[in-house]
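Input: a single structure, listed below in structure tokens.
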Amino acid sequence: MALTRHHPKAVIAAGCSDLVAQFREGLEPEVLISLQRIKELREISNEAGILRIGSLVSHTEGSRSPEILSSVPALAAAWGSIATVRIRYRGTLGGNLLARRYRYEMPVILSALGAQMQFEGGDIAVLPVSSLWDRDSLWDRTLGNVGILTAVTVDTASLLWFGYERSMRPLSTVSLAVRKNTAGLTVSAVCGSEYRQPFVLSHTAEATDIAELDPAFVGEVLAAQLPDEAGDYAGSIDYRRHLVGVLCRRLLAEATGTQRKG
Amino acid sequence: MSLESPESGQETFTHNVEFELNGSPERHCVPTSATVLDLLRNSCGKQGVRASCERSVCGACTVLVDDLPVAACSTFAFDIEGARVETVEGLAAQDGTLSAQQQAFSECGGFQCGFCTSGMLMLTTGLLRQNPQPNREEIRDWISSNTCRCTGYEMILESVERAAELAGAKQQDQASE
């Protein structure tokens, strides 16, 4: 932390898979601070319904973590499905998020789960993962002074179901979570793609049981929220809305059929 | 852009990196921005580590670092301090006897132009260390991270299966001796 305060513009390095790519794209930092040997940032815990994942946890470690497998197994499965074996051993959670690249999948996966990024040593302490794409967000205003991302937390206490669909990648991926709250059940879906920023979609239903959700109806409601700018050269907005509706419906059918968490 | 060669007049920070390469100690002074690919090819003379996409996508530069497959093009050299690094040059025995993986790729024709082969061999080595008897799905998962421009991958998949057989037989022979 002292190093980051002394060098506020330092580039923080973890697995470095993406950082090397940024170097090739022209990044020329004056100071590089490597976190590789800070073991505390590799810890994973699940206490009182809060899953806490250290920012240096690699994709492979995350996908095999007993804490994640027991609390949100579909998160482990989704995590283990991204990238390739080489990247999964090397790439870290923090690097995947803070690279802020549209095509990276952990922001899509974790945004639907309502995950929060925990920072230390900067001006802010907590930011939702979904804020990575907010144009005028606190994130953009404080960029360069956010300190170090130490962990990501996920509230698992109210989580009823989570799933991730990447079969139509790169055009559209969908991460979907169902939570119970005082208003009923909230379905949060995040639509990602190779070419456009992830979009957060949400629907709250007056229901007490996940089996009461109508997958086709909720899928349509969610997909209709995609803004026109979600379209791209690989798929018009009409096509993407249709595709996202199908993927949401598929996930919800699984959710309502199994009624199990994860 | 070469990560290894800064523009003239630009200050370059360097690191001394000590590591084990194919069983032998190595020590080199490298710029902070040098990659493992730069180090292995230019300083250590290991040309079997291919330079291709340099974006950790194609797999041609795959080496093992502490038994795990790593994209040498996208790993900083300073990060292998104290590590055990293996390249394709370290697979064959000192008398030239091919490893099980090399023998299998030769038997099954798991190569055409050969450009991807060193990366495929290192992936196979890493896979078999973790899982001596992988099934097709597991092999496909690993091999899919290495792009072959020539084949339909079928012969490569067969090569990995054959490598598992040969390695297993070799272990049994050693155990019975």
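The values are calculated or read from the model by the stated rules, or taken from the named source; none is laboratory data. Given the structure is predicted, the values throughout are model-derived calculations rather than measurements. Positions of Cβ are generated from backbone atoms using ideal geometry, with glycine treated the same way; all protein chains shown enter the neighbour counts. Surface accessibility is based on the protein's heavy atoms, side chains included, excluding ligands, DNA and RNA. Shrake-Rupley method; radii C 1.70, N 1.55, O 1.52, S 1.80 Å.
Screening A:LEU185 against (1) open to solvent by less than 60 Å² (accessible area, probe 1.4 Å); (2) out of contact with any helix residue (DSSP H, G or I) (no Cβ under 9 Å at 6 or more places or on another chain); (3) modelled with pLDDT of 95 or more; (4) more than 30 Å from A:ARG101 (Cβ to Cβ) leaves a single unmet condition, (2). Just one of the listed residues (B:ALA51, B:ALA34) is within 13 Å of chain A (Cβ to nearest Cβ), within 19 Å of B:LEU121 (Cβ to Cβ) and not polar (S, T, N, Q), and it is B:ALA51. A residue that is touching a residue at least 60 places away in the same chain (Cβ under 8 Å) and more than 14 Å from chain B (Cβ to nearest Cβ) occurs nowhere in segment A:12-24. Out of the residues in segment B:88-106 that are under 20 Å from B:SER145 (Cα atoms) and either out of contact with any Gly (no Cβ under 6 Å at 6 or more places or on another chain) or surrounded by fewer than 24 Cβ atoms within 10 Å (Cβ to Cβ) (or both), state the one that is nearest to the other protein chains (Cβ to nearest Cβ). Restricting to residues being under 20 Å from B:SER145 (Cα atoms) and either out of contact with any Gly (no Cβ under 6 Å at 6 or more places or on another chain) or surrounded by fewer than 24 Cβ atoms within 10 Å (Cβ to Cβ) (or both), the top hit is B:GLN101.
Quick one: which helices (runs of 4 or more DSSP H) lie wholly within segment A:27-82 and hold at least 2 residues that are without any contact (Cβ under 8 Å) to a residue 24 or more places away in the chain? Explain how you work it out, then say what you get.
Working: elements: A:59-64, A:66-71, A:73-79.
Here the list reads A:59-64, A:66-71.
For segment A:29-54, the set of residues classified as modelled with pLDDT under 90 and farther than 26 Å from A:ARG86 by Cβ consists of A:GLU30, A:VAL31, listed by residue number.
Of all residues in segment A:83-128, those that are in contact with a helix residue (DSSP H, G or I) (Cβ under 6 Å, 6 or more places away or on another chain), in a helix (DSSP H, G or I) and among the charged types (D, E, K, R) total 2.
Of the residues making up segment A:189-206, those that are open to solvent by less than 10 Å² (accessible area, probe 1.4 Å) and either of a type in the set (A, V, I, L, M) or farther than 28 Å from A:PRO170 by Cβ (or both) are A:ALA189, A:VAL190, A:LEU201. For the residues B:ARG55, B:ARG84, B:ARG50, the requirement of being open to solvent by 70 Å² or more (accessible area, probe 1.4 Å), closer than 18 Å to A:ARG86 by Cβ and touching a Gly at 6+ places or on another chain (Cβ under 8 Å) singles out B:ARG50.
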